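Heads up, the thing below is written out as structure tokens.
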Amino acid sequence: MRAAQRALDIDYAIREVTVPARELESKGIKVIKLNIGDPNKWDFRTPEHIRAALCRAVEECDNGYTQEEGITELREALAEKERKQNGIKITEQDVYITNGVSESILDLVASSVEKGEEVLVPGPCYPSYIEYIRYFGGVPIPYRTDESNGWQPDVDDIRKKITDRTKAMVIINPNNPTGATYSRKTLKQITDLVGENDMFLISDEIYDLMTFEGEHYSPATVAPDIPVVLLNGFSKVDLLPGWRLGYSAFRDPNGQLTEIREGFVKQLRLRLCANYPCQLAVIQALRGPQEYMKETREKLRERGSFAYKRLNEIEGISTTKPKGAFYIFPKVELTRWKSDKEFVLDFLKEKHVLVVNGSGFDKTYGAGHFRSVFLPPVEILEDAFDRLDDFMRKA
Ligand code: PLP
């Protein structure tokens, strides 16, 4: 029987490269996996007080469904976080709990993008945006981010790509895959374009408290009048990606998103609700001790600096310094490989280190690069990058 073409067309490079890695592992070969952004795979642990809250919730039999929008106490805690941290004027009614930010992306694109409508996405971009926009018949339009300028968005390029079909613009700050963070000035310039044209902003802030140089700025703070759906969650900063919890916060001062929000809530009804015990437990991530975040940031700062220095020492590799999240996006001189994908697969086969091909984040702006996480301790990163050094010398 034939499959639906839309499913066959899905391309999620971050997990697709694990297929050949698993083959090596099935032969007893140990692979250093630098492909997936999961801190728990290394020496980061979900804080004890949050784990304890989950055990309590399950023990007390809070195991049923919740309302589709999520439980009120968590929505209140998140609205408070956004008001305090980013000065965004919202109430708990504007916050919707989803199964990870992934589900927020899916539901938001499903409820806003019609066939043929365009969405501006950063180039390179976290692939879920590109894939879900295509899945629903929309057209992702990548805007250039400039490697020679620390992967900052090219405002003129964005301006040129706005058409009467543009429905929304995506900003990911701090960025995956480049590790860039954006200044207030840059955010002001891009968000002005949103305000001047008939579109809304999708602001992905899942790495908000993982910055190493300077603070995190939310585009919604910088542009108080534009319609924004802010996406964030608990997978990264709170170290619990397997719990699958995220949220969408609608900040819509002029009511332009009313209909999209109605469609979004219908999507939420269709999938019933997000995990109830986990919703209860993450309230502790917001209201309980926060020291673990400082510790996480310090580890990442050290590992990011190491990765930056070591990778730049390798012949044929050059990279900018990541300023947030836990990814680095180096450029490779593709001498003996036809593409970055071939480079990644060859490196895996010869040296048993797994990274992701840059073209998986955008065919134009990501090609000729690879993405590596810098989550592991320095000794493991050193081992992986020594192998890369050796591999490149043979090129
Ligand atoms: N948005 C960005 C920018 C990401 O990097 C990721 C995961 O890597 C997600 C969303 C998905 O996160 P979640 O685990 O909340 O679904």
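Would you tally the residues in the stretch 1-60 being within 16 Å of the ligand (Cβ to nearest atom), basic (Lys, Arg) and touching a residue at least 24 places away in the same chain (Cβ under 8 Å)?
The qualifying residues number 2.
Residues being surrounded by fewer than 23 Cβ atoms within 10 Å (Cβ to Cβ) and over 23 Å from Arg22 (Cα atoms): count how many of those fall in the stretch 331-350.
Qualifying residue count, the stretch 331-350: 6.
From the list Ile206, Ile226, which residue is among the β-branched types (Val, Ile, Thr), assigned by TED's automatic domain parsing to the domain that holds Gln85, crowded, with 20+ Cβ neighbours inside 10 Å and over 21 Å from the mean Cα position of the chain (by Cα)?
Ile226
Testing Gly324 on (1) under 23 Å from the mean Cα position of the chain (by Cα); (2) buried (at least 17 other Cβ atoms within 10 Å of the Cβ); (3) assigned by TED's automatic domain parsing to the domain that holds Gly214; (4) not aliphatic (A, V, I, L, M), one condition comes back false. Which one is that?
Result: Gly324 fails condition (3) only.
If a residue must be surrounded by fewer than 18 Cβ atoms within 10 Å (Cβ to Cβ) and under 14 Å from Leu354 (Cβ atoms), how many such residues does the stretch 19-30 contain?
8
Only residues in the stretch 93-121 that are on the phi > 0 side of the Ramachandran plot count as the first member; pair them with residues that are among the basic types (Lys, Arg) and more than 14 Å from the ligand (Cβ to nearest atom), Cβ under 8 angstrom, at least 6 apart or cross-chain, and list the lot.
Sorted first by the residue in the stretch 93-121, then by its partner, the pairs are Gly116/Arg165.
The values are calculated or read from the model by the stated rules, or taken from the named source; none is laboratory data. Note that the coordinates shown come from a computational prediction; the quantities given were computed from them, not determined experimentally. Glycine gets a Cβ as well: all are built from the backbone with ideal geometry, and neighbour counts include every protein chain shown.
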